[in-house]
Structure formats: C-alpha cells, structure tokens
1. Could you tell me which of the residues ALA200, ALA172 is hydrophobic (A, V, I, L, M, F, W, C), free of Cβ contacts under 8 Å to residues at least 40 places away in the same chain and buried (at least 18 other Cβ atoms within 10 Å of the Cβ)?
2. Which condition breaks for ARG48 when tested against (1) surrounded by fewer than 18 Cβ atoms within 10 Å (Cβ to Cβ); (2) in contact (Cβ under 8 Å) with a residue 60 or more places away in the chain?
3. Looking for whichever is surrounded by 14 or more Cβ atoms within 10 Å (Cβ to Cβ), in contact (Cβ under 8 Å) with a residue 60 or more places away in the chain and either in contact with a Pro (Cβ under 7 Å, 6 or more places away or on another chain) or not in a helix (DSSP H, G or I) (or both) here; the options are ASP31, ASP76, ASP57. Which one fits?
4. Among (1) crowded, with 17+ Cβ neighbours inside 10 Å; (2) hydrophobic (A, V, I, L, M, F, W, C); (3) in contact (Cβ under 8 Å) with a residue 24 or more places away in the chain, there is one condition ALA136 misses while meeting the rest; what is its number?
5. Report yes if THR180 is of a type in the set (Ser, Thr, Tyr) and either out of contact with any Leu (no Cβ under 8 Å at 6 or more places or on another chain) or without any contact (Cβ under 8 Å) to a residue 40 or more places away in the chain (or both), otherwise no.
6. Is region 195-215 home to any residue that is farther than 26 Å from ARG11 by Cβ and of a type in the set (S, T, N, Q)?
7. Assess whether TYR218 counts as being surrounded by 19 or more Cβ atoms within 10 Å (Cβ to Cβ) and part of a helix (DSSP H, G or I).
8. Suppose we filter region 34-54 for residues that are assigned to a helix (DSSP H, G or I) and either polar (S, T, N, Q) or in contact with a helix residue (DSSP H, G or I) (Cβ under 6 Å, 6 or more places away or on another chain) (or both); how many remain?
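The numbers here are math on the coordinates, done by the rules we state, and not lab data. Predicted model, so just to flag it, every value in this text is computed and none were measured. FYI the Cβ positions are ideal-geometry reconstructions off the backbone, even for glycines, and counts take in every protein chain you see.
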Amino acid sequence: MSTALITGASRGLGLALARELAARGRRLVIDARDPGPLEAARAELATRTEVVALAGDVADPEHRRALVAAAGADLDLLVNNASELGPSPQPELADYPLDVLERVYRVNVLAPLALIQLALPALGEGARIVNVTSDAAVEPYAGWGGYGSAKAALEQLTAILAAERPGLRVYAVDPGDMNTRMQQAAFPGEDVSDRPPPEASVPGLMALAEGELPSGRYAARELAGAAA
C-alpha cells in the first residue's frame, strides 16, 4: 500500500487532504505538535485506512527521523504542510524579533528540506513532494516579512530540487486564503469566516498528488479541474 506523509495534519488543510487520501485507500503518516487533536484526527482517519500518527515538532531532528521511519519504503508522497506563522499580529521587519524569525525559518524552510533529505532514498521514480506555500512568498505584503520570506525560500528550494531531481515531481502549491486557525491568527480581530474552507483547496492538491502535472509552482484552486 502506497504511503503519504503529511505534516501538520491534525486540522485545517493537512487534515482535509488526509481525509481525501484516506478515502482513496492511501496509508497515512501524519503529525502535529498537539497530541490531542492529532489523536482525534488519527481515530477518524483510521476508520478508512491505516494511519500512523506521531506527535512532535518538525523542527526536531529526532521527530523527523521517526516520521520517515514510520513511512517506510512505500513512501511516494511527502506533503510539507506544517508551518509557523510567527508573531500575531505580524510585526514589521524593523521590529521583528530575530530569535522568532529563526524559529519561523527552522519550521518553514529547514524542516521541509530536512524531511526531504531523509525521505529521498524511499522516493522512487515519479514520487511526489508537495511543499505548501503562500502568495506571501511572491507578494510584498507589509508585515509579512518573516513568514513571506520563509515561504519564498521554500519555493526556491522547491524549484532547485525539481531541477536536481527530474525523476521526481516536486511542487510548491499556494492553497489560497482559507478559514483556518492560522488565517485567524494572521488577521487578529478580523472575521475570517468568509474565507473558503480548507476542503476547497484539496482538489488542486490531489491534482498534484495523483495527476501528471510537471514540477513547478501552482495555485491550488486553479487546479480544481485537473485532478486525475
């Protein structure tokens, strides 16, 4: 049974994608920092497929090794979805605490690359790597210098990896605005309930996970009709 490894899968986009993959019979390895919501997600998903849930921080090398070990030799889809927003509200770069910025880069840039490095031996020809990014990676929004620059770095890593590993399909995907806890934290005091639910972005992610699109950067909602 082919295995998908999804980070940050206890809620939001990660859980929505895990539900779709579970419905299609994919074995899942999922993680999140908070054990409670992660166990709830595992229990739900386990009614449909085999699931391994490991609570931990993707910035922790031991946790990353445990995730890849749990995925095993049948790993053919790695989704780097876990992200660190940084302070809320988002500060301007002139006031950005550098120790917090280091944490944002560890989670959003270094952890995905480290997971990829560990997973590469198991990822055979045609396997997929999906790095979840943001329009903040390409648009200079005031106050988004930390998160946005980290996602920009992730996108460049994705593009270079695609050039270096032509036998893999390597994607950066912008899911668009979503009604999620992170979105609410990014806009404290605002009502984000008018944003689409994470499920609206899942068809686009499935087009990358199971379709024949070449490596590159994509907007998930533009791919809704391209799923295999």
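1. Details: ALA172 fails: free of Cβ contacts under 8 Å to residues at least 40 places away in the same chain.
None of the other options fit; the residue is ALA200.
2. (2)
3. None of the others qualify; the one that does is ASP76.
4. The one condition ALA136 does not meet is (3).
5. In short, no.
6. To start, the set of residues in region 195-215 that are farther than 26 Å from ARG11 by Cβ comprises 212-215.
Those still in the list that are of a type in the set (S, T, N, Q) too: 215.
Checking region 195-215: at least one residue is farther than 26 Å from ARG11 by Cβ and of a type in the set (S, T, N, Q).
7. Judged against the criteria, TYR218 is not a match.
8. Total meeting the criteria: 2.
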